[in-house]
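Peer 1: Questions regarding the structure given below will be posed in turn.
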Ligand code: ADP
Ligand code: MG
């Protein structure tokens with residue numbers, strides 16, 4: 001499915017473009033601590049400004065629960081955005097209403113205004129038509145470039161899209177381009193999925209959806225241990241979701257059948273980096289084939305990394321969601337780092353797409369994001385999209401003509 005792009009909105013010179021962006025960035029001591037969501041919207045800003053539009057940006061930040069809270073003000077983000085796009089960014093301390101309307105009206109062609117946090121208004125999360133109508137007064141056209149919130153029916157994402165001529169921005173267009181082949185099963189084969197992360201529970205839908213259309217799935221991270229336990233392997237104190245053992249057994253059975261029919265592989269960790277716990281003395285860790293009692297697995301071991309890389313060697317497409325270990329704490333980042341570094345080395349020869357909030361953070365933290373084909377800015381949204389779900393924010397946009 002292709003959505004109407006900015007070009008499809010006609011002449012934009014002098015028009016106010018109300019743009020929903022995802023500037024939900026981490027703040028530290030009142031300043032932006034990570035720029036990646038700001039950098040991701042620059043192509044859309046550039047396009048609108050060079051078309052002569054007057055740009056009115058709106059975003060959420062954090063969870064202020066429908067009322068103003070200075071802790072979640074977007075003011076520091078306006079300052080950083082201005083530095084990164086090399087142009088002044090006016091900030092309006094209100095989201096909608098007379099002040100915001102006057103600020104939008106005051107913009108000249110190519111100028112940028114950022115409105116205060118959408119979630120200071122209760123109508124945002126409830127997709128309230130009245131709040132959407134108040135927002136609609138701030139633009140002549142609407143552009144959605146907030147891929148990361150497209151799975152939520154919020155007023156600035158869904159209701160607004162039927163009130164103004166609407167289009168998707170450059171970021172959403174690029175996300176949809178990168179993720180659609182995974183969703184539709186048209187990615188170049190062999191197609192290998194690397195799954196990790198904390199919980200099996202959150203990954204079951206994507207695992208089930210991708211199982212029939214991949215050549216191999218490598219599983220690491222905390223989610224692997226529920227699967228290993230379902231296979232009867234010892235897992236010590238590793239993370240385990242006991243209520244999912246039955247589902248885990250079914251998934252393993254399904255993959256065994258699929259494997260027999262199609263030669264597909266489901267590769268689980270064969271060795272593990274274990275420690276007493278994250279609070280314990282971290283120098284006291286071990287690499288084991290079987291997780292003994294009293295310790296927990298915090299990363300995949302070197303044998304597992306070698307096995308994953310053996311499977312990845314022939315891949316033409318890789319979708320990676322979920323870190324393979326507790327990457328936030330050394331040395332449990334090493335499994336994730338080795339696999340990321342291998343895939344970075346395959347740049348140009350294998351298409352690697354990273355999705356998931358922590359996966360994207362790990363890729364950036366370890367310095368590999370530039371060498372991945374695409375690092376999705378959508379956490380939950382990218383997983384749901386790849387699983388084949390309809391995202392309300394995308395469904396609200398008109399199709400490309
Ligand atoms: P994403 O946001 O990319 O979808 P998740 O939220 O599912 O990823 O998982 C990320 C978290 O999983 C990280 O905080 C990481 O520390 C944790 N994790 C990875 N491996 C393990 C493990 N073996 N035990 C416990 N937690 C793990
Ligand atoms: Mg996460």
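The values are calculated or read from the model by the stated rules, or taken from the named source; none is laboratory data. Every value quoted in this text rests on a predicted model; they were computed, and no experiment measured them. We place every Cβ from the backbone using ideal geometry, glycine too, and count neighbours over all the protein chains shown.
Peer 1: Take the residues of the stretch 342-359 that are crowded, with 22+ Cβ neighbours inside 10 Å and within 13 Å of ligand 2 (Cβ to nearest atom): which is farthest from residue 180 (Cα to Cα)?
Peer 2: 359
Peer 1: Also: Just the residues that are farther than 13 Å from residue 300 by Cβ and either buried (at least 24 other Cβ atoms within 10 Å of the Cβ) or in contact with a strand residue (DSSP E or B) (Cβ under 7 Å, 6 or more places away or on another chain) (or both), please, taken from the stretch 312-332.
Peer 2: 312, 315, 316, 317, 318, 319, 320, 321
Peer 1: Follow-up question, since we're still on this one. Among the listed residues 180, 226, 202, which satisfies the condition of being at pLDDT 95 or above, out of contact with any strand residue (DSSP E or B) (no Cβ under 8 Å at 6 or more places or on another chain) and within 13 Å of ligand 1 (Cβ to nearest atom)?
Peer 2: Result: 226 is the single residue among 180, 226, 202 that is at pLDDT 95 or above, out of contact with any strand residue (DSSP E or B) (no Cβ under 8 Å at 6 or more places or on another chain) and within 13 Å of ligand 1 (Cβ to nearest atom).
Peer 1: Could you give me the residue pairs with C-beta distances under 6 Å whose first residue belongs to the stretch 185-204 and is under 18 Å from residue 265 (Cα atoms) and outside any loop (DSSP other than H, G, I, E, B), whose second residue is within 11 Å of ligand 2 (Cβ to nearest atom) and modelled with pLDDT of 95 or more wherever it lies, and which are 6+ apart or on separate chains?
Peer 2: 195/321; 195/322
Peer 1: Further question on the same structure: Determine whether residue 385 is more than 10 Å from ligand 1 (Cβ to nearest atom), at pLDDT 95 or above, outside any helix (DSSP H, G or I) and crowded, with 24+ Cβ neighbours inside 10 Å.
Peer 2: no
Peer 1: Let me ask another. Out of 166, 102, 79, 132, I need the residue that is surrounded by 19 or more Cβ atoms within 10 Å (Cβ to Cβ) and without any contact (Cβ under 8 Å) to a residue 60 or more places away in the chain. Which one?
Peer 2: Result: 132 is the single residue among 166, 102, 79, 132 that is surrounded by 19 or more Cβ atoms within 10 Å (Cβ to Cβ) and without any contact (Cβ under 8 Å) to a residue 60 or more places away in the chain.
Peer 1: Would you tally the residues in the stretch 162-177 being over 14 Å from residue 147 (Cβ atoms) and in a helix (DSSP H, G or I)?
Peer 2: Total satisfying the criteria: 1.
Peer 1: Could you check, for the stretch 333-341, whether at least one of its residues is within 15 Å of ligand 1 (Cβ to nearest atom), buried (at least 19 other Cβ atoms within 10 Å of the Cβ) and closer than 23 Å to residue 174 by Cα?
Peer 2: For the stretch 333-341, residues within 15 Å of ligand 1 (Cβ to nearest atom), buried (at least 19 other Cβ atoms within 10 Å of the Cβ) and closer than 23 Å to residue 174 by Cα: present.
Peer 1: Only residues that are under 28 Å from the mean Cα position of the chain (by Cα) and surrounded by fewer than 19 Cβ atoms within 10 Å (Cβ to Cβ): list them for the stretch 105-124, please.
Peer 2: Residue satisfying the conditions is 122 alone.
Peer 1: Still on this structure, please answer the following. List every residue pair whose Cβ atoms lie under 6 Å apart, where the two residues are 6 or more positions apart in sequence or sit on different chains, the first residue falls within the stretch 366-381 and is within 13 Å of ligand 1 (Cβ to nearest atom), and the second residue, located anywhere, is at pLDDT below 95 and in a loop (DSSP other than H, G, I, E, B).
Peer 2: 376/355; 379/356
Peer 1: Also, quick follow-up: Strands (runs of 3 or more DSSP E) wholly in the stretch 1-102 with at least 3 residues that are in contact with a strand residue (DSSP E or B) (Cβ under 6 Å, 6 or more places away or on another chain) and under 30 Å from residue 386 (Cβ atoms) - which ones?
Peer 2: Strands (runs of 3 or more DSSP E) meeting the threshold: 16-20.
Peer 1: May I pose another question? Any idea which residue in the stretch 172-202 is nearest to the chain's Cα centre (by Cα), counting only those that are crowded, with 24+ Cβ neighbours inside 10 Å and away from ligand 2 (no atom under 16 Å from the Cβ)?
Peer 2: Filtering first and then ranking leaves 175.
Peer 1: Surrounded by 24 or more Cβ atoms within 10 Å (Cβ to Cβ) and not in a helix (DSSP H, G or I): does that describe residue 155?
Peer 2: In short, yes.
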